[in-house]
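Comments concern the structure below.
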Amino acid sequence: MKKYLIITYGCQMNENDSEKMSGMLDNLGYIQTDKEEDANLIIMNTCSVRENANNRFFGNLGNFKKLKKRKKDLIIGVCGCMMQEEHIVKKIKEKYSFVDIVFGTHNIASLPSLLEECEAKRKLVVEVLSDSDSLPEGLPVHRQFKHKAFVSIMKGCNNFCTYCIVPYTRGRERSREYKNILSEVTNLAKDGVKEVTLLGQNVNSYGKNLEDRISFAELLKRVSEVEGIERVRFMTSHPKDLSDELIEVIKNNDKICNHIHLPMQSGSSRILKLMNRHYDKETYINLVKKIRSEIPDIAITTDIIVGFPTETEEDFNDTLDVYKECEFDTAFTFIYSKREGTKAAVMEGQVDEDVVKVRFDKLVKLHDEILFKQNQKYLNKTVDVLIDGVSRTNDKVLTGRTDTFKLVNFTGNGKAGDIVKVKITDVKTFHLSGEQL
Ligand code: SAH
Ligand code: SF4
Ligand code: F3S
């Protein structure tokens with residue numbers, strides 16, 4: 001029996017692609033393993049979004065050189081966003097010649113044929129399309145969880161935020177036919193899935209390239225109507241495209257979770273312009289206010305980049321101000337990372353690392369304070385929790401999420417996939433604790 005290991009870096013798009021590769025390999029008779037030494041095939045699904053993801057990949061890949069020397073028949077495949085960058089593929093060919101297969105984000109469905117070719121020829125096989133119109137449908141999926149699943153509703157991105165590599169690695173934006181999405185969700189529900197997360201780089205522009213077209217808000221509604229589906233999540237929403245119709249649909253539909261991930265990136269209108277985000281500080285704040293006034297118990301989370309080229313202390317203070325004003329439920333905070341090929345990489349005024357670090361620490365401190373404050377609202381309340389399983393650190397404790405995506409650790413007798421009522425008895429910065437009722 002041949003065994004495979006897939007190592008995934010990056011976002012849910014990559015997680016989702018890895019689940020599809022896993023499904024294809026299961027169909028070929030491979031068995032999944034989590035031990036490198038046992039694997040006959042190791043695939044690394046890479047992310048280019050920041051430099052540290054690149055470094056981690058090259059570090060780990062370098063470690064496989066020895067393993068490959070010991071196990072001559074081991075096949076090493078590398079795929080994902082980094083393979084869409086020519087200079088990376090060149091580096092792999094030159095310095096990591098033990099790699100057997102290189103394929104890109106548009107070539108996931110070719111994995112079986114690439115493997116066959118590699119086994120037959122025993123030499124490097126490369127397949128990287130720069131973009132593709134086709135969205136492969138019906139690939140088998142080996143899901144990580146039984147009760148929840150990611151569903152890609154579109155691929156690519158047309159926004160070209162000036163710091164971001166994604167439009168180059170994932171190509172132009174293309175939406176899947178809603179009928180295909182609904183039939184995937186129907187099958188998932190039949191299979192016991194209770195929660196689906198609809199994925200796209202900018203879900204609010206869903207459907208633009210389709211002839212038979214419905215809005216994203218309408219899609220959410222239809223997904224929530226699928227029998228057996230209890231919760232619907234989605235990400236990511238670009239603030240420039242978030243519609244009133246979407247706010248309405250979330251407000252009036254109990255199955256659509258009260259959580260919007262709304263990346264702000266910066267609180268400074270000047271920086272937002274340089275980032276090509278198409279909104280300014282005031283528009284962003286007003287949007288958050290509007291959402292909170294329509295849906296008072298909604299959680300709003302965000303992404304922030306610190307140290308974009310030319311960012312001054314004043315710009316950074318704008319970010320802190322907006323953060324305080326919006327009182328985000330949580331945020332992913334990033335230090336700006338220069339990506340080759342993007343517009344920002346050649347901008348003048350790259351900010352000194354030490355200055356950025358001080359700003360970053362300030363932002364993280366504010367983030368923790370506000371998160372703690374936001375979590376206080378849950379004390380003594382009863383919330384619905386979808387159980388993910390037992391806690392990793394204590395098997396007497398169950399763990400799951402509220403519909404606002406808060407992590408809850410609690411005692412009780414439910415099992416993974418159940419939605420149960422939990423009374424919150426204690427509140428920490430990074431989780432809530434409670435007892436099942
Ligand atoms: N499509 C999503 C985000 C995809 S990338 C959106 O637009 O919201 C996820 C996050 O990574 C981004 O929101 C951004 O905050 C961060 N990011 C992207 N490129 C980056 C870079 N060059 N340096 C630092 N952070 C970056
Ligand atoms: Fe990147 Fe901007 Fe597209 Fe998000 S919307 S993937 S940040 S270019
Ligand atoms: Fe995702 Fe990283 Fe690619 S964030 S889209 S895996 S560059």
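The values are calculated or read from the model by the stated rules, or taken from the named source; none is laboratory data. Since this is a predicted model, take the numbers as computed values, not measurements. Note that we place each Cβ from the backbone using ideal geometry, even for glycine, and neighbour counts take in every protein chain shown. To get the accessible areas, we keep the full protein, side chains included, count just its heavy atoms, and leave off ligands, DNA and RNA. Shrake-Rupley method; radii C 1.70, N 1.55, O 1.52, S 1.80 Å.
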Fill in the blank from the handout: In region 66-94, residues that are open to solvent by 10 Å² or more (accessible area, probe 1.4 Å), under 21 Å from Leu114 (Cα atoms) and more than 16 Å from ligand 3 (Cβ to nearest atom) total 8
Exercise for the section: List every residue pair whose Cβ atoms sit under 9 Å apart, with the two residues 6 or more apart in sequence or on different chains, where the first one lies in region 406-427 and is closer than 20 Å to Phe372 by Cβ and among the charged types (D, E, K, R) and the second, anywhere, is part of a strand (DSSP E or B) and open to solvent by 60 Å² or more (accessible area, probe 1.4 Å). Expected result: Lys423/Thr382; Lys423/Glu435
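So that you can scan it fast, the table gives a plain yes or no per residue for (1) touching a residue at least 60 places away in the same chain (Cβ under 8 Å); (2) in contact with a Gly (Cβ under 6 Å, 6 or more places away or on another chain); (3) assigned by TED's automatic domain parsing to the domain that holds Thr399:
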{"position": "Ile101", "(1), (2), (3)": "no, yes, no"}
{"position": "Pro112", "(1), (2), (3)": "yes, no, no"}
{"position": "Cys118", "(1), (2), (3)": "no, no, no"}
{"position": "Arg122", "(1), (2), (3)": "no, no, no"}
{"position": "Ser132", "(1), (2), (3)": "no, no, no"}
{"position": "Lys146", "(1), (2), (3)": "yes, yes, no"}
{"position": "Ile153", "(1), (2), (3)": "yes, yes, no"}
{"position": "Cys157", "(1), (2), (3)": "no, no, no"}
{"position": "Arg176", "(1), (2), (3)": "no, no, no"}
Completion exercise
Inside region 146-179, the number of residues satisfying the requirement of being under 17 Å from Glu19 (Cβ atoms), more than 16 Å from ligand 2 (Cβ to nearest atom) and open to solvent by 20 Å² or more (accessible area, probe 1.4 Å) is 4
Handout entry: All positions within region 175-201 that are touching a strand residue (DSSP E or B) at 6+ places or on another chain (Cβ under 8 Å) and not aliphatic (A, V, I, L, M)
Key = Ser175, Arg176, Glu184, Lys194, Glu195, Thr197, Gly200, Gln201
Problem - Odd one out for Ser183, checked against (1) more than 30 Å from His278 (Cα to Cα); (2) within 16 Å of ligand 1 (Cβ to nearest atom); (3) among the hydroxyl-bearing types (Ser, Thr, Tyr) - result: (2)
Practice task
Confirm whether Gly23 is of a type in the set (Gly, Ala, Ser) and closer than 27 Å to Ser337 by Cβ.
Solution key: no
Fill in the blank from the handout: Residue set Val364, Val408, Val351; condition more than 26 Å from the chain's Cα centre (by Cα) and aliphatic (A, V, I, L, M); output residue Val351
Exercise for the section: Tell me which residues, restricted to region 234-248, are outside any helix (DSSP H, G or I) and within 11 Å of ligand 2 (Cβ to nearest atom). Expected result: Met235, Thr236, Ser237, His238
Problem - In region 126-177, residue nearest to Leu386 (Cα to Cα) [restricted to those that are assigned to a strand (DSSP E or B) and more than 16 Å from ligand 1 (Cβ to nearest atom)] - result: Lys148
Completion exercise
Being open to solvent by 10 Å² or more (accessible area, probe 1.4 Å) and closer than 23 Å to Thr333 by Cα narrows Leu274, Leu210, Leu199 down to just Leu274
Practice task
Evaluate the following for Tyr279: is it open to solvent by less than 30 Å² (accessible area, probe 1.4 Å), touching a residue at least 12 places away in the same chain (Cβ under 8 Å) and part of a loop (DSSP other than H, G, I, E, B)?
Solution key: yes
